[in-house]
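**Q** Okay, here's the structure, questions in a sec.
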Amino acid sequence: MSTFVEKLRQYSKPGYYDEFDYHWTMTIDLDRCTGCEACVVACQAENNLPIVGEERFAQSREIKWIRIERYWEGEYPNIKMGFIPMLCQHCDDAPCETACPVYATYHNQDGLNTQIYNRCIGTRTCAVYCPYEVRYFNWFTYTWDEPLEQQLNPDVSVREKGVMEKCTFCIQRIRIAKDNAKDDDRRRVRDGEVVPACVQSCPTEAMLFGNSKDPEAKVSKMMKNTRGYTVLEELNTTPSIVYLKKVHA
Amino acid sequence: MSKISRRDLLQYIGAGGIGVAGGVLYGEGVQRKVELLIPQVIPPEDYSPGVATWYNTVCNQCSAGCGISVRIREGKAKKIEGNPVHPVSRGRLCARGQAGLNVLYNPDRIRTPLQSADRGSENTAEISWDDALTTIGSRIGRLKIEGNAGRIRLLTGRTRGHLDELFAQFMNLLGSEHYQQYDFTYPSALAAANKTSFGTDVLPYYDIENADFLLSFGADYLGTWLSPVHYSLAYGNLRQGRQGQRGKTVQIEPRMSLSGAAADEWIAARPGTEGLFALGIAHVLVSSGSYTGNDRDEWSSALQAYSPSMVSAETEVSEDTIVRIAEEFGASTASLAIAGGATAAGTNAVASVVAVNALNHLAGNLGKPGGVILNSAQAFPAAAGSSPAGLQGALDLVAAMQAGDVEVLLVHDTNPVFSLPHNVGFRQAMENVPLIVALSSFHDETTAMADFILPTNTYLESWGDDVPDPGVGFPVTSLSQPVVAPLYDTLPVGDIILSLARQIGGELPIHMPWASMEEFIKDRWREEYDERMSEGQDQNFEAFWQAVLEAGVWGQPGAAAGGQPESSSSPTIAAIADPVSKFAGDETDYPFVLHPYLTATFLDGRGANLPWLQELPDPMTSVVYGSWAELNPVTADELGIEEGDVLEIESPAGSIRVPAFIFPAIRPGVVAVPIGQGHTSYGRYASDRGINPIHIVATLMDKQSGDLAWAATRVKVTNTGERLRIVKTDGVTRTLGRQILGPGNDHG
């Protein structure tokens, strides 16, 4: 018990997470984003997201770790559409983490907001606390029509009924890159070595992913762009995703 | 122990691998099946458990020809990504391309050759390959001997590379001139207009990436036009790829597409007058002195009639807007105008595209960065020169079928019963054909009419090669290879043709001696290699072949594509004509213009059987699983229509019933319906879902290109009083001051 308390004290000390090698960060340039949804399918393929069917879709039980939100501005004929990809913001001060009664969701040393499926008991509190609405609950154990299951990514577990899930920043790809770095006797992975599925697929190169603890990383430079902002900043969740707003000429 | 083939072995190993991940599925009382693990005596090439292998090949989900890399684990395809060294996809891929895995592992694939008991039903019986090929081969062989080979027809989708050559050769050797292609998405009008303006109908490379001002007349270059993945990255770089310089885009179309949403300015001109809009801009460019070429006087007299005031009255776009856009277009260093979509689908489609090409002439952007860069017809792989024949080709085929001139119809990779208007009568005409053979991976509306269905490998299980069209300004040839062993008792389409050739006999097997498509392609590549390699150079074809196979693509980035642009603008000037489209149905009886549009997910309906795409919210409306009809909020209000009200949309050619969706970015008086749903026979994910708007399109045609004028139908809309729930993900569609799109970008 004492070690637990010690660790808790250590972890809650301000600046504890600053001492680690990584802080995974994403930038999304809305001036490049066209709302094409290539990222949505990339995520579906990479992370074994289920096909829920029309009926369950109608009940808002779809599971899409990344989605494109669309907002209209103005009225015809002076009307504009704004797209914004919405996924887990991996907040440094995440409301969902404080809510979980069983620590199924917690913050790891890399700055990721992590979900431990076999710890989750399905209270769904985290989904209520999340202001970005990016947590998805498995109301059913979904199956795949044979032989669609042959496509499933063996690096990612398939979730079952009663478990909350969400974007992991493709933690399996981070894992592989770290293993490769270790095999090469490198302390850190190189910039650009970790590419989540959505970032990889993006046809307009709107998304960028990297370690913001590395000042030379592309993402660190992109974050400083004057167009940069975080969504719902006033809630002080400190998201790890920086959006670059669209330029209105 | 009985003999185990490599394919079986891979499947067993795959089953073992799934057991772990699938364990959680058994929680619901499913008994675990007994699985046998068979040790590998000789492991297949490139195979080690737990290690992923990537194979490069070519996407076949649309005609762009993107290079793809497929991730293989334990003999199963796991993920498709863009091939980073391929100049078309440049490492990127769209939603449709990634859903290729749903094609390969689709539960509704045809697994064995089938013989149909009665047409139009699902009543089919399995038949062996030998029996099927013997029956079909002897039937075709008899026609050939009798000198009736002209009664044999081959209809395919858009086909390029050596498969196209194989088809052409097969039909030639038979003695039939009737090999034709039909693809709803093929831009016939664009090709015909470019033939006039630039002297070649090979699609040019539009250098969007380096343009400063992009003026798009209906071309949804980010979703469905020509090469969406390539143009998406080009768009991204147009916006943010150059330091301190952001290109501007303007989109002219009656209903906002993805490209319209991305544009700085979206203008809904009166449907059918988009070409006239282009001439109005051209008029200003010339009259304001912005254009300073030698042939200014010729332009001036050709464009005299199209003054801003006249164009403004016709297009219902203000004079100020026309003049302002013309000024910006003229003042930009690299201006580019493109045409597609509804602009290239009126009764005067070619004239409209010529009008847009005139802008490119006036901007002087031919062959320049940020302009129109011509591709030459590439000599390798030998271009057989087949391109889809549009509505005219389909009508000719229908007439021949009705007249009883067709005895054998071979159909591959095209679904004309679905993607032609009902009035064309393709399905009814097919009933007059004594023998229909479908070479297909899936049951669809056209294969349903077949007597024999020969199941083909999907593109992920086949050999092939391809020349991307449009090209990228320099010679490129892609090579595709099977990335997994065939799942079922299917054959590559090339192998089926070669087997038929052997079956028919005579001179066919002498001229087509190859055992398989792989052998044929390799043989042709070797010939080409030997020809190009001069003496003294290292002649090692195998090494070259391996290198291309690994890269998935062969290209010569340094070499210009060869095509010298037709620098003279006189053909364009001579071709300037009144481009206003005519419509079927008069305005009093049919007050609305029907705007059927291609969606980035289903295209002309071919993607509707893929579950990932059915569950992908439509980019502009967020609707899934179904059809809808978009109406302007003001129009809907006037008619008392709300979302989900079932409308009856009636054209002179037929009617459909579809729920209404209130869409704020559509011109009043236009009703837009997405294409793609409405299949009656296309597997479990697509069948009996939504409606197909192509069916009620009137069979008007653009005379010059012979293409279907699918945007030239008027309709009337009545509220039936019934209601149907539209399944969508959107809730609140306004930001309501939450600054979600960024500080200062929130106008509520």
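The values are calculated or read from the model by the stated rules, or taken from the named source; none is laboratory data. Note that the structure is predicted; figures quoted are calculated from it, not measured. Using ideal geometry, Cβ is built from the backbone for each residue, glycine included, and neighbour counts are taken over all protein chains shown.
**Q** Being surrounded by 24 or more Cβ atoms within 10 Å (Cβ to Cβ), in a loop (DSSP other than H, G, I, E, B) and within 10 Å of another protein chain (Cβ to nearest Cβ) is the filter here; which residues of region B:242-256 pass it?
**A** Within region B:242-256, B:G247, B:M256 meet the criteria.
**Q** Related question: Looking at B:A189, B:A193, B:A168 in this structure, which one is modelled with pLDDT under 95, small (G, A, S) and under 20 Å from B:L508 (Cβ atoms)?
**A** Numbers: B:A189 fails: under 20 Å from B:L508 (Cβ atoms); B:A193 fails: under 20 Å from B:L508 (Cβ atoms).
Only one candidate qualifies: B:A168.
**Q** Something else: What are the residues in region B:183-200 that are farther than 26 Å from B:I694 by Cα and hydrophobic (A, V, I, L, M, F, W, C), if any?
**A** B:F198
**Q** Can you tell me which residue within region B:669-687, out of those that are touching a Pro at 6+ places or on another chain (Cβ under 9 Å) and over 27 Å from A:I51 (Cβ atoms), is surrounded by the fewest Cβ atoms within 10 Å (Cβ to Cβ)?
**A** So, considering only residues that are touching a Pro at 6+ places or on another chain (Cβ under 9 Å) and over 27 Å from A:I51 (Cβ atoms), the one surrounded by the fewest Cβ atoms within 10 Å (Cβ to Cβ) is B:G669.
**Q** Which one is nearest to the other protein chains (Cβ to nearest Cβ), of the residues in region A:163-186 that are in a loop (DSSP other than H, G, I, E, B) and modelled with pLDDT under 95?
**A** If we filter region A:163-186 for residues that are in a loop (DSSP other than H, G, I, E, B), which is where we start, we get A:163, A:166-170, A:184-186.
Imposing the further condition that a residue be modelled with pLDDT under 95 reduces the set to A:184-186.
Values: A:D184: 17, A:D185: 21, A:R186: 21 Å.
In this case the residue turns out to be A:D184.
**Q** Let me spell it out: the conditions are (1) of a type in the set (K, R); (2) within 20 Å of the chain's Cα centre (by Cα); (3) more than 8 Å from chain B (Cβ to nearest Cβ), and A:K13 meets all of them except one. Which number is the exception?
**A** (2) is the only condition that A:K13 fails.
**Q** While we're on this one: Of all residues in region A:218-249, count the ones that are among the aliphatic types (A, V, I, L, M), surrounded by fewer than 20 Cβ atoms within 10 Å (Cβ to Cβ) and part of a loop (DSSP other than H, G, I, E, B).
**A** Residues meeting the conditions: 3.
**Q** With the structure loaded, tell me whether A:V158 is out of contact with any Cys (no Cβ under 6 Å at 6 or more places or on another chain), among the aliphatic types (A, V, I, L, M), assigned to a loop (DSSP other than H, G, I, E, B) and over 28 Å from A:I84 (Cβ atoms) or whether it fails that test.
**A** yes
**Q** Looking at B:A269 and the list (1) of a type in the set (A, V, I, L, M); (2) crowded, with 20+ Cβ neighbours inside 10 Å; (3) part of a loop (DSSP other than H, G, I, E, B); (4) more than 35 Å from the chain's Cα centre (by Cα), which single condition is not satisfied?
**A** (4)
**Q** Next up: Give region A:46-71 a look and list any residue that's surrounded by 17 or more Cβ atoms within 10 Å (Cβ to Cβ), at the interface with another protein chain (Cβ under 8 Å from one of its Cβ atoms) and either farther than 18 Å from B:N102 by Cα or among the polar types (S, T, N, Q) (or both), or say none.
**A** Selection gives A:N48, A:F57, A:E62, A:R67, A:I68, A:E69, A:R70, A:Y71.
**Q** Looking only at region B:205-214, decide whether some residue is free of Cβ contacts under 8 Å to residues at least 40 places away in the same chain, in contact with a strand residue (DSSP E or B) (Cβ under 6 Å, 6 or more places away or on another chain) and assigned by TED's automatic domain parsing to the domain that holds B:P369.
**A** No, there is no match, as no residue in region B:205-214 is free of Cβ contacts under 8 Å to residues at least 40 places away in the same chain, in contact with a strand residue (DSSP E or B) (Cβ under 6 Å, 6 or more places away or on another chain) and assigned by TED's automatic domain parsing to the domain that holds B:P369.
**Q** Name the residue, out of B:T699, B:T713, B:T720, that is under 27 Å from B:G340 (Cβ atoms), in contact (Cβ under 8 Å) with a residue 24 or more places away in the chain and in contact with a strand residue (DSSP E or B) (Cβ under 6 Å, 6 or more places away or on another chain).
**A** On the way: B:T699 fails: in contact with a strand residue (DSSP E or B) (Cβ under 6 Å, 6 or more places away or on another chain); B:T720 fails: under 27 Å from B:G340 (Cβ atoms).
Testing whether each residue is under 27 Å from B:G340 (Cβ atoms), in contact (Cβ under 8 Å) with a residue 24 or more places away in the chain and in contact with a strand residue (DSSP E or B) (Cβ under 6 Å, 6 or more places away or on another chain) leaves just B:T713.
**Q** Looking at region B:709-731, is at least one residue away from chain A (no Cβ under 14 Å), surrounded by fewer than 22 Cβ atoms within 10 Å (Cβ to Cβ), under 21 Å from the mean Cα position of the chain (by Cα) and not acidic (D, E)?
**A** Scanning region B:709-731 turns up no residue that is away from chain A (no Cβ under 14 Å), surrounded by fewer than 22 Cβ atoms within 10 Å (Cβ to Cβ), under 21 Å from the mean Cα position of the chain (by Cα) and not acidic (D, E).
**Q** A further question on this structure: Among the residues of region B:732-748 satisfying the criterion of being more than 7 Å from every other protein chain (Cβ to nearest Cβ) and among the aliphatic types (A, V, I, L, M), which is surrounded by the fewest Cβ atoms within 10 Å (Cβ to Cβ)?
**A** Among those that are more than 7 Å from every other protein chain (Cβ to nearest Cβ) and among the aliphatic types (A, V, I, L, M), it is B:V732.
**Q** Which residue pairs have Cβ atoms closer than 6 Å, lie 6 or more positions apart in sequence or on different chains, and pair a first residue in region B:644-665 that is on the phi > 0 side of the Ramachandran plot and assigned by TED's automatic domain parsing to the domain that holds B:N719 with a second residue that is surrounded by fewer than 17 Cβ atoms within 10 Å (Cβ to Cβ) and in a strand (DSSP E or B)?
**A** B:G644/B:R723
**Q** Now a separate question. Spot the failing condition for B:G120; the list is (1) under 28 Å from the mean Cα position of the chain (by Cα); (2) at pLDDT 95 or above, and only one is missed.
**A** It is condition (2) that B:G120 fails.
**Q** Let me ask something else. Looking at region B:80-97 only, could you name the residues that are touching a Leu at 6+ places or on another chain (Cβ under 8 Å) and either surrounded by fewer than 24 Cβ atoms within 10 Å (Cβ to Cβ) or farther than 23 Å from B:S48 by Cβ (or both)? Please lay out each step first, then the result.
**A** Within region B:80-97, the subset touching a Leu at 6+ places or on another chain (Cβ under 8 Å) is B:80-82, B:90, B:92, B:95-96.
B:E81, B:G82, B:R90, B:R92, B:A95, B:R96 - these are the residues of region B:80-97 that are touching a Leu at 6+ places or on another chain (Cβ under 8 Å) and either surrounded by fewer than 24 Cβ atoms within 10 Å (Cβ to Cβ) or farther than 23 Å from B:S48 by Cβ (or both).
**Q** Could you tell me whether region A:82-93 includes any residue that is modelled with pLDDT under 95, within 16 Å of A:Y132 (Cβ to Cβ), surrounded by fewer than 23 Cβ atoms within 10 Å (Cβ to Cβ) and more than 7 Å from chain B (Cβ to nearest Cβ)?
**A** yes
**Q** I'd like to verify a number: residues in region B:588-636 that are closer than 24 Å to B:F217 by Cα, more than 10 Å from chain A (Cβ to nearest Cβ) and in contact with a Lys or Arg (Cβ under 8 Å, 6 or more places away or on another chain), how many?
**A** Total satisfying the criteria: 8.
**Q** Only one of B:A363, B:A351, B:A326, B:A389 is of a type outside the set (S, T, Y), within 30 Å of B:V553 (Cβ to Cβ) and either out of contact with any Asp or Glu (no Cβ under 6 Å at 6 or more places or on another chain) or in the same structural domain as B:S216 (by TED's automatic domain parsing) (or both); which?
**A** Working: B:A363 fails: within 30 Å of B:V553 (Cβ to Cβ); B:A351 fails: within 30 Å of B:V553 (Cβ to Cβ); B:A326 fails: within 30 Å of B:V553 (Cβ to Cβ).
Answer to the selection: B:A389.
**Q** Turning to a different aspect of this structure: So is B:A211 surrounded by 21 or more Cβ atoms within 10 Å (Cβ to Cβ), small (G, A, S) and out of contact with any Asp or Glu (no Cβ under 8 Å at 6 or more places or on another chain) or not? Steps first, please.
**A** Working: surrounded by 21 or more Cβ atoms within 10 Å (Cβ to Cβ): yes; small (G, A, S): yes; out of contact with any Asp or Glu (no Cβ under 8 Å at 6 or more places or on another chain): yes.
Criteria met by B:A211.
**Q** Out of the residues in region B:71-123 that are farther than 25 Å from B:L613 by Cα and part of a strand (DSSP E or B), which is nearest to the other protein chains (Cβ to nearest Cβ)?
**A** Among residues in region B:71-123 that are farther than 25 Å from B:L613 by Cα and part of a strand (DSSP E or B), the one nearest to the other protein chains (Cβ to nearest Cβ) is B:L114.
**Q** Let me ask something else. Out of the residues in region B:507-546 that are at pLDDT 90 or above and outside any helix (DSSP H, G or I), which is farthest from the chain's Cα centre (by Cα)?
**A** Looking at the filtered set, the residue picked out is B:E507.
**Q** Quick check on B:A334: is it over 34 Å from the mean Cα position of the chain (by Cα) and among the hydrophobic types (A, V, I, L, M, F, W, C)?
**A** Working: over 34 Å from the mean Cα position of the chain (by Cα): no; among the hydrophobic types (A, V, I, L, M, F, W, C): yes.
So B:A334 fails the test.
**Q** A:K218 versus (1) under 24 Å from B:R738 (Cα atoms); (2) more than 10 Å from every other protein chain (Cβ to nearest Cβ): which is the lone unmet condition?
**A** All conditions pass for A:K218, except number (1).
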